[in-house]
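The structure under discussion appears below in the form of structure tokens.
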């Protein structure tokens with residue numbers, strides 16, 4: 001493709017509009033842009049939470065996400081790809097993660113974004129801890145996320 | 001759901017960031033927001049185009065989109081849904097259509113957005129005419145869009 | 001009854017809408033298409049491939065065998081290309 | 001060899017990283033887990049359910065039977081919950 005994905009792992013928030021605009025800037029071959037924004041909810045299960053704290057593995061997180069971004073660009077005809085994942089303390093209503101895909105074809109843009117989100121949920125080295133009235137506890141991985149990720153495995 | 005979709009059919013452009021923000025505003029139960037933006041490409045097939053002109057059926061377009069928005073809200077647990085479709089003359093690089101879905105669950109947000117886009121491509125009463133060096137011509141419907149739309153039909 | 005035309009159906013007929021009074025023998029959408037086709041060359045051209053034409057009655061998509069009785073507004077147009 | 005710990009593995013062990021020198025008989029990731037578990041109660045607690053523990057060698061996910069020879073950095077952590 002020759003196209004490089006933008007990958008950022010950062011503590012700061014991101015600006016969805018700026019990231020979407022950056023992918024389309026100065027080109028007229030993009031027909032479809034899909035964005036996925038993951039947001040911190042105010043409850044985990046039925047329990048209200050005060051915040052999430054995201055821990056990550058610096059170095060490995062970048063390498064792993066880049067490997068999956070490259071796989072997405074090889075599998076789908078993408079003209080732009082941006083992945084931003086925050087770490088640190090994140091309050092309810094705040095952004096956690098952003099995936100933006102640009103393509104000539106809407107199906108490619110949708111599928112690549114879903115593939116990357118399924119991957120980020122199960123294999124990117126990030127861990128969420130929740131803060132609630134009952135103290136701090138680590139969120140457990142969910143089986144249905146593994147099932148979602150497995151559907152992209154080539155047979 | 002008790003939740004009403006925002007549906008707008010308009011000549012003016014839209015602000016993606018504002019529409020995404022409006023769905024999350026003042027609530028902490030939204031975990032996933034998916035946006036799809038359809039953009040006018042500078043080529044149709046391999047032919048460069050100067051612009052598209054979108055004609056629509058006022059009244060029916062609103063009614064039909066609302067019916068499908070209601071179906072999406074019945075099929076997926078959505079907490080917010082916005083659909084904006086432009087009409088009139090649209091130059092390459094400009095926005096045509098926006099679908100934004102908000103949900104607690106990423107799969108629901110993705111699927112509802114894809115369902116609505118497949119619907120808008122095949123059944124919403126809009127017609128695209130392209131302007132090129134060879135004059136004006138109506139874009140023909142594509143079979144693969146019908147195939148994409150058919151996958152949502154309940155068996 | 002009001003009839004509306006869109007996209008190239010509109011262009012070929014040369015108008016966006018009109019009021020027509022088909023005889024009682026015209027009962028369905030496809031019978032109305034056949035009846036309109038006889039109103040002149042422009043109509044014959046617009047409806048030359050009836051299978052390609054889509055129809056809506058009072059803002060809802062209908063099939064060619066749909067009854068037109070009671071319809072306030074019937075629209076004819078090519079396959080849709082929005083989105 | 002540098003060993004890193006994340007999330008509750010880190011919390012239970014009480015440190016984020018350390019340098020260890022396992023004997024030559026420790027050849028695989030699961031053998032390293034068994035060897036670390038013998039370093040004290042904190043380690044035993046962190047690794048009490050070895051099947052839950054994920055490992056990476058030099059920033060790439062590996063299986064429990066992966067060889068550790070030549071590794072510069074080995075990390076242990078619970079199943080990931082990003083996104």
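The values are calculated or read from the model by the stated rules, or taken from the named source; none is laboratory data. All values reported here derive from a predicted model rather than from experimental measurement. When we count neighbours, we look across all protein chains shown, and the Cβ atoms used for this are built from the backbone with ideal geometry, even at glycine.
Which residue, of B:145, B:118, is over 19 Å from residue B:81 (Cβ atoms) and under 16 Å from the mean Cα position of the chain (by Cα)? Spell out how you get there, then give the answer.
Details: B:118 fails: over 19 Å from residue B:81 (Cβ atoms).
Being over 19 Å from residue B:81 (Cβ atoms) and under 16 Å from the mean Cα position of the chain (by Cα) holds for just one of B:145, B:118, which is B:145.
Yes/no matrix, rows are residues, columns are (1) more than 23 Å from residue C:74 (Cα to Cα); (2) within 17 Å of the chain's Cα centre (by Cα):
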{"residue": "B:57", "(1), (2)": "no, yes"}
{"residue": "B:78", "(1), (2)": "yes, yes"}
{"residue": "B:111", "(1), (2)": "yes, yes"}
{"residue": "B:130", "(1), (2)": "yes, no"}
### In region A:1-48, residue surrounded by the fewest Cβ atoms within 10 Å (Cβ to Cβ) [restricted to those that are modelled with pLDDT of 95 or more and more than 29 Å from residue B:95 (Cβ to Cβ)]
A:11
### Positions within region C:15-47 being in a loop (DSSP other than H, G, I, E, B) and out of contact with any strand residue (DSSP E or B) (no Cβ under 9 Å at 6 or more places or on another chain), in sequence order
C:21, C:22, C:23, C:24, C:25, C:26, C:38, C:39, C:40
### Task
Inspect all residues belonging to region B:111-127 and state whether any of them is surrounded by 23 or more Cβ atoms within 10 Å (Cβ to Cβ), in contact with a strand residue (DSSP E or B) (Cβ under 8 Å, 6 or more places away or on another chain) and more than 14 Å from chain C (Cβ to nearest Cβ).
yes
### Message
Quick check on my filter: what residues within region D:48-78 are within 9 Å of another protein chain (Cβ to nearest Cβ) and buried (at least 18 other Cβ atoms within 10 Å of the Cβ)?
### Response
D:54, D:56, D:59, D:75, D:77, D:78
### Task
Find the residue count for region B:118-155, including only residues that are in contact with a helix residue (DSSP H, G or I) (Cβ under 6 Å, 6 or more places away or on another chain), assigned to a helix (DSSP H, G or I) and in contact (Cβ under 8 Å) with a residue 40 or more places away in the chain.
1
### Query
Looking at region B:52-64, is at least one residue within 14 Å of chain A (Cβ to nearest Cβ), more than 28 Å from residue A:15 (Cβ to Cβ), at pLDDT 95 or above and not in a loop (DSSP other than H, G, I, E, B)?
yes
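Please find, among A:69, A:141, A:113, the residue that is at negative phi and at pLDDT below 95. Break it down into steps so the answer makes sense when it comes.
On the way: A:69 fails: at pLDDT below 95; A:113 fails: at pLDDT below 95.
After applying the criteria, what remains is A:141.
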### Query
Which members of region D:44-63 meet the condition of being more than 30 Å from residue A:86 (Cβ to Cβ) and within 10 Å of the chain's Cα centre (by Cα)?
D:50
## Note on the structure
Subset of region B:4-36, residues within 10 Å of another protein chain (Cβ to nearest Cβ) and without any contact (Cβ under 8 Å) to a residue 60 or more places away in the chain, comes to B:15, B:17, B:18, B:21, B:25, B:26, B:27, B:28
### Condition broken by residue D:32, with the remaining ones in (1) over 11 Å from the mean Cα position of the chain (by Cα); (2) surrounded by 18 or more Cβ atoms within 10 Å (Cβ to Cβ) satisfied
(1)
### Query
Can you name the number of the only condition in (1) over 12 Å from the mean Cα position of the chain (by Cα); (2) outside any helix (DSSP H, G or I) that residue C:3 fails?
(1)
